[in-house]
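Some notes on the structure that comes next.
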Amino acid sequence: MAPVSPARAASPAAKRALSPATPRGSASTTSTTASPTCADSTSERASPTPKRVRVAAPTAAPAAATAAEVTGEAAQIYDRQIRLWGHAAQARMRSARVAVLGGSSRGLAAEAVKAMALAGVGKLVIVDPANVTPTASAANFFVAKEGGERAAEVVAAGARVLNPLVNVEARTDVDVTRVATEAEREQVRAVLASVDVAVLCDVPVPVAITINTMARQLGVKTLFAAVWGFNAVLMADLLEHTFLHESSESSADKDGDPIVTRHRITLAFPPLTEALAYSLATKLPPRQLKKSVTPTLLSFLAVIAYMREHDGRHPDLAKETDRDAVRAATAAQAKQHGVAVPEVDATALERLFRGSTLELAPVCAVAGNLLAQEVLKTVQGKQRPLSNLMIYTTAGGAGNVWNLGVVDTASVTVGE
Amino acid sequence: MDRHAPSRALLGTQLFAQVENTRVLMVGAGGIGCELLKNLAMLGFGHIELVDLDTIDVTNLNRQFLFQRQHVSQSKAHVARESALRFNRNITIISHHGNIKDPQFDLAWFKSFNLVFNALDNLDARRHVNLMCVAGKVPLIDAGTAGYSGQSTIIQPGVTECYDCHPKPTPKTFPVCTIRSTPSAPIHCIVWAKNFMFPQLFGEDEDEGDANLVNDTTNAKQVQELVREAQALRELKRSAGLPGFAERVFVKIYRHDIERLLSMEGLWQMRQKPVPLDVEALVAAANELRDPLADETAHCRVRTIEETTKVFLQSTAALAKRYAASGPQSFDKDDDAAMAFVSAAANLRCHVYHIALKSFFEIKSMAGNIVPIVATTNGVVAGLMVLHALQVLEGRVLETTTDLLTAPPAAQHLVSRPNQVLARDKLFPPVSSCAVCARAYVQVAVDTASTTLGDLLEAIVDAFSVLPVDNVTVLEGARMLYDPDFDDNLGRTLADLNVPSHHAFLLVDAYDQDDQLVQPLSVYIQKSGKKGVEILGNVPQLWTKPAPPKVQDAPIAGGDELDDEVVMAVDDDDEDIIMTESSAAGNETGHVGRTRR
């Protein structure tokens, strides 16, 4: 394993979560197989000096096949995606446990659960005591299809139909939004301790921050996402996260295979609270800073700050008091990031955040699948994860990412 | 409470009413299509028609979530409709299990929709839908995905670029001598196994290929050898299904053919010589082995030469038996015996030519042109498609804004950059030289049995004063029907000329006159029971502009340029035979890249 800086959290669960390249139940990690998709990070050893790795078939067959093999019907069902991320990544997903906390009535959670179930995440725990809301069927297709009382159970039932190979559990006895008493906290902690990744869907921002703090202590990674009307936000705290980065160059070797360089990179994520207190001015030169810290970013950070001070409530920008509060928060954010306060038009701001408590099905589709993709990357330990704030706005037409304090702590070139 | 209350509140009453009253067509009910249909149904699009010719395969189930195990081999369109109706019972969904190029899906039918969605996996169909939408002036949302890449874009005919405004990547080709005599990469051996050896042994008998080969004078000797080699193979094929056939093929192609090639010294002056297989020893060793394919976990590693020989012999015998019993076979990546044959034949050839061997898993990807797909990419792209559709309904295509928080509507594509996951691409106006959207389109109703080309041309030049009859050409696809110097067809009926009554666009192009260019015109032939020629709808105004620059003739879209197989094609330039490998294959992709950087 590559040398990494000391983990922020050191419980056994933390160590497990930090080592995505060592799947549970994988007996052998020794084989060197023929293909870039079959050979995977389970089989590489770190090499001391950077070198180019030609990913091509060895002429002699290796003695043993990897234990991470996916066979039979599963191999057929997952064929097209295994051709993208490889057998080892598929096997790591199979042994991953993910909790989806909150928002079970809404489209975001439905989309994310669907994508994770289809991909073959080993265990999904849907945690939400809430009943299905009257308008749930506007964006949650599981609700629209199945009906039923408890949203978590409806979503879990739907997910089981989509992929019987996945173990899906509904927990309606635990409420992540209630962590006032020690008994309540203990319940939430028990759920968090049983998984590798906690996915917080559409929970209020203060709740996300509280759960993130608890999850960190248990060595559990946090992904928080929310759909606010036409917009979506995603924040990640993957603790100390190691992943395999493959970059293929356009040039090809003599066999016509692209030349692939592989690095094992370790990132250290700050907790969500620290990320929100981070100043981009500490990292970016003035010119880049001006380009990076957009009015959209500042507006979202201001709304998040407002929510933290108002029990997670969305500001009502039609009201002057809320508008003033958000304007003040925008100015504070501009100061925090060392940029001038942007001249954001009040009606434009109101239009951007209109209907923030509501959800629109296609926005849920975009955000839920981006969220699921981040979970899959996280449990596979492949590809650079989204670090660590993403804002998607329909009006702006882009999903931009800002790095609020995530640092690369190690990078090693790995061979075949 | 009304389930659509949140959507109505967000979109506004007017836009939401438009959604409810919009007639949309979606072409393709696969990876993108399933996600798209869900989004359209959830949002409450009132009338949705979908077309897909495909049936459900088990490898679809990881992403095409409207289908489950029990649906395998049923119609995608019909099952998708059933599943999606359960999301929303208050809408109309009509499913068509058929090819979008079928006659029933004519221009009038396309024009009956307010919006069309392309959720297609191949270039040809995507271009056909684009052509019909441009001809019918129906807004099109086009999307594609491959792996983690994907994009959605708005095609508003006459306003934005169309799908054909930019040339698509040309298929990969290999010189025939590389494939047949001097392979140097695994793909050469795979193409040889799949496109030469498989059809030679188990396909239709054909001779044309050799006739073309003889014309090549540069490598006369080599070509003669290849012809002889193919003839020997045809003779051998007569014993297909008889005992020892597989062994005879094995000896021929891995020893005798290689030895014959070795006798051509010139070929090997700059290359490493191939080494014929020790056929007797390998056959003997293979006979001792059990079926190597039984161990599925070994699909990801390279099998030994003995194992590969065993796979070759047993798959050849199985395919020969099938050929003898039920006639010519064609390659299908999902046919286990065919795939086993191609993987083994290719690897044995790689071994002979000192090329690195590939695993079964990899060879299947290459031979089947399999494009890796994940559900999440399709999910994001299908969400963007619906957001783009809302932009079109709102009439906000190419709108500009000065607002700091918004950007003009645009195409979008998925990226993996540290600072971005979804990037915007500006929409551009049509490319003036585009062979599809630079043309004017007119629809005429004719009785093809009684209307002559002359009748039609007369009606056209009557309607378009800038088109003088003695100065135009008429083509159907690449076929010349009329030219001032070629008027033989004027008296023949369209039926007699084999002009199909649906999807036939006659290209009427004026020659340059008085240094003036006239907009090229496409005439869509609509079948009619009535005698005579009737121009349907408004007659478009053809633009004229000073020449030059000269507008080049380009092939019409929707033709038969490509299929998703590797094909033998004749390259006009040097009459050399080229093995062509189409890139338009696989699943949700076709291809992705029409985005600008």
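The values are calculated or read from the model by the stated rules, or taken from the named source; none is laboratory data. Everything numeric in this text was worked out from a predicted model, so none of it was measured. Don't worry about glycine lacking a Cβ; one is built from the backbone with ideal geometry, like all the others, and counts go over all protein chains shown. Accessible surface is based on the protein model in full, side chains and every heavy atom, while ligands, DNA and RNA are left aside. Shrake-Rupley method; radii C 1.70, N 1.55, O 1.52, S 1.80 Å.
Here is a yes/no grid of residues against (1) within 12 Å of chain A (Cβ to nearest Cβ); (2) at pLDDT 90 or above:
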| position | (1), (2) |
| --- | --- |
| B:M264 | no, no |
| B:L267 | no, no |
| B:P276 | no, yes |
| B:H299 | yes, no |
| B:E306 | yes, yes |
| B:D335 | no, no |
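Just to verify a result, which residue in region B:98-115, among those that are under 20 Å from B:V392 (Cα atoms) and over 23 Å from the mean Cα position of the chain (by Cα), is surrounded by the fewest Cβ atoms within 10 Å (Cβ to Cβ)?
B:S112
Looking at B:N90 and the list (1) within 14 Å of chain A (Cβ to nearest Cβ); (2) modelled with pLDDT of 95 or more, which single condition is not satisfied?
Tallying (1) within 14 Å of chain A (Cβ to nearest Cβ); (2) modelled with pLDDT of 95 or more, B:N90 fails exactly one: (2).
A:G122: open to solvent by 10 Å² or more (accessible area, probe 1.4 Å), more than 8 Å from every other protein chain (Cβ to nearest Cβ) and under 19 Å from A:K382 (Cβ atoms), yes or no?
yes
Checking the structure you have, find out if any residue of region B:456-476 is under 29 Å from the mean Cα position of the chain (by Cα) and open to solvent by 30 Å² or more (accessible area, probe 1.4 Å).
Yes, there is a match, as at least one residue in region B:456-476 is under 29 Å from the mean Cα position of the chain (by Cα) and open to solvent by 30 Å² or more (accessible area, probe 1.4 Å).
Where in region A:247-320 are there helices (runs of 4 or more DSSP H), lying wholly inside it, with at least 3 residues that are on the phi < 0 side of the Ramachandran plot and at pLDDT 95 or above?
Once the helices (runs of 4 or more DSSP H) in region A:247-320 are filtered for at least 3 residues that are on the phi < 0 side of the Ramachandran plot and at pLDDT 95 or above, what remains is A:272-277, A:295-309.
Could you say which residue among B:Y482, B:Y524 is closer than 30 Å to B:T153 by Cα and open to solvent by less than 70 Å² (accessible area, probe 1.4 Å)?
None of the other options fit; the residue is B:Y524.
Could you pull out the residue among B:V436, B:V397, B:V352, B:V446 that is over 28 Å from the mean Cα position of the chain (by Cα), more than 9 Å from every other protein chain (Cβ to nearest Cβ) and crowded, with 24+ Cβ neighbours inside 10 Å?
B:V446
Could you grab me the full set of residues in region A:83-106 that are within 8 Å of another protein chain (Cβ to nearest Cβ) and either within 14 Å of A:V155 (Cα to Cα) or aliphatic (A, V, I, L, M) (or both)?
The one that is within 8 Å of another protein chain (Cβ to nearest Cβ) and either within 14 Å of A:V155 (Cα to Cα) or aliphatic (A, V, I, L, M) (or both): A:L84.
Could you check region A:136-189 and list, in sequence order, the residues that are hydrophobic (A, V, I, L, M, F, W, C), within 14 Å of another protein chain (Cβ to nearest Cβ) and either open to solvent by 60 Å² or more (accessible area, probe 1.4 Å) or not in a helix (DSSP H, G or I) (or both)?
Correct list: A:A139, A:V161, A:L165, A:V166.
Of all residues being touching a helix residue (DSSP H, G or I) at 6+ places or on another chain (Cβ under 8 Å) and among the β-branched types (V, I, T) in region B:296-339, which is surrounded by the fewest Cβ atoms within 10 Å (Cβ to Cβ)? Just the residue, please.
Here the residue is B:I305.
Among the residues of region B:464-494, write down those that are touching a residue at least 40 places away in the same chain (Cβ under 8 Å) and of a type in the set (K, R).
B:R492
Given the criterion touching a Cys at 6+ places or on another chain (Cβ under 9 Å) and of a type in the set (A, V, I, L, M), identify the matching residue among B:V421, B:V442, B:V466, B:V431.
B:V431
Evaluate region B:12-19: report whether one residue or more is within 13 Å of chain A (Cβ to nearest Cβ) and open to solvent by 20 Å² or more (accessible area, probe 1.4 Å).
Scanning region B:12-19, I find at least one residue that is within 13 Å of chain A (Cβ to nearest Cβ) and open to solvent by 20 Å² or more (accessible area, probe 1.4 Å), so the answer is yes.
Residues that are in contact (Cβ under 8 Å) with a residue 40 or more places away in the chain, in a helix (DSSP H, G or I) and hydroxyl-bearing (S, T, Y): does region B:283-303 have at least one?
For region B:283-303, residues in contact (Cβ under 8 Å) with a residue 40 or more places away in the chain, in a helix (DSSP H, G or I) and hydroxyl-bearing (S, T, Y): absent.
Which one of B:L40, B:L36, B:L10 is farther than 23 Å from B:G147 by Cβ and at pLDDT 95 or above?
B:L40
Where in region A:359-416 are the strands (runs of 3 or more DSSP E), entirely inside, with at least 2 residues that are over 25 Å from A:G120 (Cα atoms), among the small types (G, A, S) and more than 7 Å from chain B (Cβ to nearest Cβ)?
Counting at least 2 such residues, we get A:407-413.
For residues in region B:59-87 being β-branched (V, I, T) and surrounded by 17 or more Cβ atoms within 10 Å (Cβ to Cβ), which is modelled with the lowest pLDDT?
B:T59
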